[in-house]
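Accompanying notes for the structure given below.
The values are calculated or read from the model by the stated rules, or taken from the named source; none is laboratory data. The model shown is predicted, which means the values in this text are computed figures rather than measured ones. In this analysis, Cβ positions are derived from the backbone assuming ideal geometry, glycine residues included, and neighbour counts consider all displayed protein chains. These area figures cover heavy atoms from the full protein model, side chains too; ligands, DNA and RNA do not enter into them. Shrake-Rupley method; radii C 1.70, N 1.55, O 1.52, S 1.80 Å.
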Amino acid sequence: MNKKLVAITGAGISAESGIKTFRDSNGLWENHDIMEVASPQGWQKNQALVLEFYNQRRRQLHKVKPNKAHHILADLEQHFDIQVITQNIDDLHERAGSTNILHLHGELFKSRSSNNSNYIYEQKDDIKLGDKAEDDAQLRPHIVWFGEEVPLIPKAAEHIAKADIVLVIGTSMQVYPAAGLVNYISEKCQLIVINPDDTDYNFEKRAVHIKEKAVKGMEALYKVVLENKL
Ligand code: NAD
């Protein structure tokens with residue numbers, strides 16, 4: 001039986017596809033104060049601004065492609081039983097061919113009713129003011145905003161607790177409750193971090209840190225796997 005590998009990914013794995021990370025932009029996301037565009041308060045204040053922000057992100061997502069780091073992670077399914085747990089709202093893991101993906105913070109290519117989170121739709125194009133769900137409520141992006149509950153956390157924690165290997169790629173692990181997931185890693189689990197910067201995760205001391213960008217880091221990891229060293 002293959003070992004179970006859980007990959008926790010964040011904005012850094014998509015950076016080399018041309019999507020900006022959040023922390024690397026001085027706390028702004030594409031020049032916006034995060035609370036203006038990614039919080040229930042921001043939505044109350046200015047729905048048009050929030051919709052336009054995500055419309056732009058969606059249009060950008062149509063133009064970018066998965067990079068080699070996404071592809072290598074998908075290829076590793078030949079060697080491991082892999083669960084991807086991503087904080088990313090892009091669909092680059094899907095397009096690269098990964099099969100088991102949990103999107104903790106939602107998905108850009110989906111929308112939902114602003115009154116009922118059970119009404120979820122495919123959304124490849126812009127959401128406009130006046131676009132309604134079947135309960136007649138305004139459509140909003142299917143994104144978990146700051147301060148909202150993250151419904152997939154228990155499922156993610158279950159996967160992490162069972163992992164033989166946890167691979168953390170391109171995330172600052174500063175956004176809670178996702179950041180708390182590392183507390184579920186078992187003692188016997190092997191830990192690998194791919195991040196070009198120093199990190200201060202609480203498990204960092206016992207992790208192998210490949211201090212490279214995602215593509216170079218995943219190429220190095222793939223080599224180790226092919227040499228049967230993992
Ligand atoms: P973050 O912006 O907080 O952290 C990015 C991390 O990636 C940093 O630790 C940085 O050192 C590292 N990094 C930068 N370039 C890298 C590269 N080329 N290769 C590997 N690592 C690199 O991102 P986060 O931890 O994912 O949290 C930010 C929140 O913003 C998440 O909730 C996420 O949903 C959202 N977000 C998503 C996207 C996306 O979907 N692509 C993009 C920006 C922000």
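For the reader, a short list of remarks on this structure follows.
- Residues that are under 20 Å from residue 160 (Cα atoms) and acidic (Asp, Glu) within segment 192-230 comprise 200, 204, listed in sequence order.
- Candidates in segment 197-227 are the residues that are open to solvent by 20 Å² or more (accessible area, probe 1.4 Å) and touching a residue at least 40 places away in the same chain (Cβ under 8 Å); of these, the one that is nearest to the ligand (Cβ to nearest atom) is 213.
- Elements of the type strands (runs of 3 or more DSSP E) sitting completely within segment 137-230 and holding at least 1 residues that are farther than 20 Å from residue 105 by Cα: these cover 165-169, 190-194, 208-210.
- Of all residues making up segment 188-200, the number that are under 17 Å from residue 5 (Cβ atoms) and of a type outside the set (Lys, Arg): 6
- Which numbered condition residue 149 fails, given (1) more than 16 Å from the ligand (Cβ to nearest atom); (2) farther than 28 Å from residue 17 by Cβ; (3) open to solvent by 40 Å² or more (accessible area, probe 1.4 Å): (1)
- Restricting segment 161-187 to residues that are at pLDDT 90 or above and under 17 Å from residue 12 (Cα atoms) leaves a set whose member that is farthest from the ligand (Cβ to nearest atom) is 166.
- Any hit, segment 104-112, residues being within 14 Å of the chain's Cα centre (by Cα), under 24 Å from residue 165 (Cβ atoms) and part of a helix (DSSP H, G or I): no
- When residues in segment 72-111 are screened for being polar (S, T, N, Q), over 21 Å from residue 216 (Cα atoms) and open to solvent by 40 Å² or more (accessible area, probe 1.4 Å), 2 of them pass.
- Annotation note: of 20, 45, the sole residue that is within 14 Å of the chain's Cα centre (by Cα), free of Cβ contacts under 8 Å to residues at least 24 places away in the same chain and open to solvent by 10 Å² or more (accessible area, probe 1.4 Å) is 20.
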